[in-house]
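> There's a structure below that I have some questions on.
The values are calculated or read from the model by the stated rules, or taken from the named source; none is laboratory data. These figures come from a predicted structure and were not determined experimentally. As a convention, Cβ positions derive from the backbone with ideal geometry for all residues, glycine included, and neighbour counts pool all protein chains shown.
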Amino acid sequence: MSEAGVLSAVIVAVVAAFYIMFLRPIQKEQEHHRKNIRDLRPGDAVVTTSGFIATVIDIQVPASGRTQISLELADGVVFTALASAIAERLSPEAGAQAVPGQEGGAG
């Protein structure tokens, strides 16, 4: 086998290894996150990328543009965020337990 053939095989192997070790897991994680966002329903508890635990109140999917989600942080405190601001979906039970725990606060 010539040096060019060996070099080509090494390059292909490095690219394949890079894809398998780095890119594929990232793609799977992104797909899982997209699925969780699609499955959101009013009443679900979520964690935002800022670390806030909130309850989904409403989801607006405009014909053009990005999905907007109304979130309730506390009683009467509602804000709107883009779907990309949702870091993680919690079970409704976990959100209901986590939010009151914050009210006690650490002090």
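Residue-by-condition table, conditions (1) within 21 Å of Leu90 (Cα to Cα); (2) assigned to a helix (DSSP H, G or I); (3) touching a Leu at 6+ places or on another chain (Cβ under 7 Å):
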position	(1), (2), (3)
Leu7	no, yes, no
Val10	no, yes, no
Ala13	no, yes, no
Phe18	no, yes, no
Glu31	yes, yes, no
Ile37	yes, yes, no
Leu40	yes, no, no
Gly65	no, no, no
Leu71	yes, no, no
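> Next question, about the same structure. State the number of residues belonging to segment 51-63 that are in a loop (DSSP other than H, G, I, E, B) and either under 11 Å from Glu88 (Cα atoms) or modelled with pLDDT of 90 or more (or both). Break it down into steps so the answer makes sense when it comes.
In the first step, residues of segment 51-63 are kept if they are in a loop (DSSP other than H, G, I, E, B); the result is 51-52, 61-63.
This time we only want the ones that are either under 11 Å from Glu88 (Cα atoms) or modelled with pLDDT of 90 or more (or both), so: 51-52.
Looking only at that region, the number is 2.
> Looking only at segment 36-50, count how many residues are without any contact (Cβ under 8 Å) to a residue 24 or more places away in the chain and either in contact with a strand residue (DSSP E or B) (Cβ under 9 Å, 6 or more places away or on another chain) or aromatic (Phe, Trp, Tyr) (or both).
2
> Here's something else I'd like to know. List pairs: first residue in segment 21-35 and within 15 Å of Ser84 (Cβ to Cβ) and outside the structural domain of Val47 (by TED's automatic domain parsing), second residue among the acidic types (Asp, Glu) and not in a helix (DSSP H, G or I) anywhere in the structure, Cβ distance under 9 angstrom, at least six positions apart or on different chains.
Once the first residue is within 15 Å of Ser84 (Cβ to Cβ) and outside the structural domain of Val47 (by TED's automatic domain parsing) and sits in segment 21-35, its partners that are among the acidic types (Asp, Glu) and not in a helix (DSSP H, G or I) give His33/Glu88.
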